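Below is one structure, written out as structure tokens; the observations come after it.
The values are calculated or read from the model by the stated rules, or taken from the named source; none is laboratory data. Here the structure is a predicted model, which is why all the values come from computation and not from measurement. Note that each Cβ is placed from the backbone with ideal geometry, even for glycine, and that neighbours are counted across all protein chains shown. All accessible areas refer to the heavy atoms of the entire protein, side chains included, with ligands and DNA or RNA removed. Shrake-Rupley method; radii C 1.70, N 1.55, O 1.52, S 1.80 Å.
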Amino acid sequence: MEYDLKVNMNEYLPLRDVVFNTLRQAILRGELKPGERLMEIQLAERLGVSRTPIREAIRKLELEGLVLMIPRKGAEVAQISEKHLRDVLEVRRSLEELAVELACQRIRPEQIHALEEAHLKFIEAVKGKDMMKMAEADEGFHDVIYEGTENQRLMQLLNNIREQMYRYRLEYIKDERMRQIVIHEHEQILAALRVHHVKEARDAIREHIENQEITVSKKIKDL
């Protein structure tokens, strides 16, 4: 099996993290397809590394739900599962509703400004049509809200499911029609937080996540 992969070395990161990021992006971008086997020897040769960082990266990818270990077969890229999507977004919905409720009460003016900047960054990413940058900018928008809660435990819980959400976040914005809807949803969330209106904020974040679930679920069924 030939892998068309290129490792981007980063002098500030350990090799295992560089390999992990390379494989993770390849899966998220679709360069490594769902169901495709991950052969340690071939991957190590293609990336010019030993098998150890490959093995460590595969273990981390399994924890994120991006890779499955199949008995007597080995590792393969996980299929996008409707049940996994629902499970992750049910948790995300509850945590994000709590996050915007707390942020309405606690967010500071400078954090509102940071949220406005994050919103503009997402709009710029949409104009640039780089899906990875869009996903990262969307993630950054939500990160500001989490910080506005001033609740370290809640931020920790949300960070724990961050990587599992990332794949579905990326799938959502692959649909060009949804990108303008995401911009509108961000505007609604931002408007509610500016005036500290809890109900409007909770309604807006719920709609944002439900739209993601509906869109990605339909894409899974169409596969």
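Here are some notes:
- Accessible area in square angstrom per residue, the chain, 1.4 angstrom probe: 53
- Considering only 109, 119, 158, and ranking their Cα positions along the charge dipole of the chain that arises from unit charges at the beta-carbon of Lys, Arg, Asp and Glu, the one farthest toward the positive end is 158.
- The heavy atoms of residue 163 offer some 60 square angstrom of accessible surface to a 1.4 angstrom probe.
- With respect to the chain, whose longest principal axis is taken over its alpha-carbon atoms, helix 131-148 is tilted by about 50°.
- When a 1.4 Å probe is rolled over the protein heavy atoms, the share of accessible surface on region 135-223 that falls to carbon and sulfur comes to 48 percent.
- Loop-resident sites, region 12-50, for trypsin sites (Lys or Arg not before Pro), counting at most 16 other Cβ within 10 Å (DSSP): 29
- Cα shape, region 113-162, gyration tensor, a/c 1.5 rule: oblate
- Helices in the chain, meaning DSSP H runs of at least 4 residues, each add -39500 (n - 2.57). Divided by all residues, the mean residue ellipticity at 222 nm is -24500 deg cm²/dmol.
- Between helix 82-106 and the chain: long-axis angle, C-alpha atoms, 0 to 90°, nearest 10: 40
- Between residue 106 and residue 195, the distance separating the two model label sites (each 7 Å from Cα on the Cα→Cβ line) works out to 2.4 nm.
- Between residue 91 and residue 120, the FRET efficiency from the beta-carbon distance, with R0 = 30 Å, is close to 0.55.
- Heavy-atom SASA rank of 94, 217, 81 (probe 1.4 Å, accessible area, largest first): 94, 81, 217
- Three-way shape call for region 48-117 based on the alpha-carbon gyration tensor, with the a/c threshold at 1.5: oblate
- Relative to the longest principal axis of the Cα atoms of the chain, the long axis of helix 162-174 lies at roughly 80 degrees.
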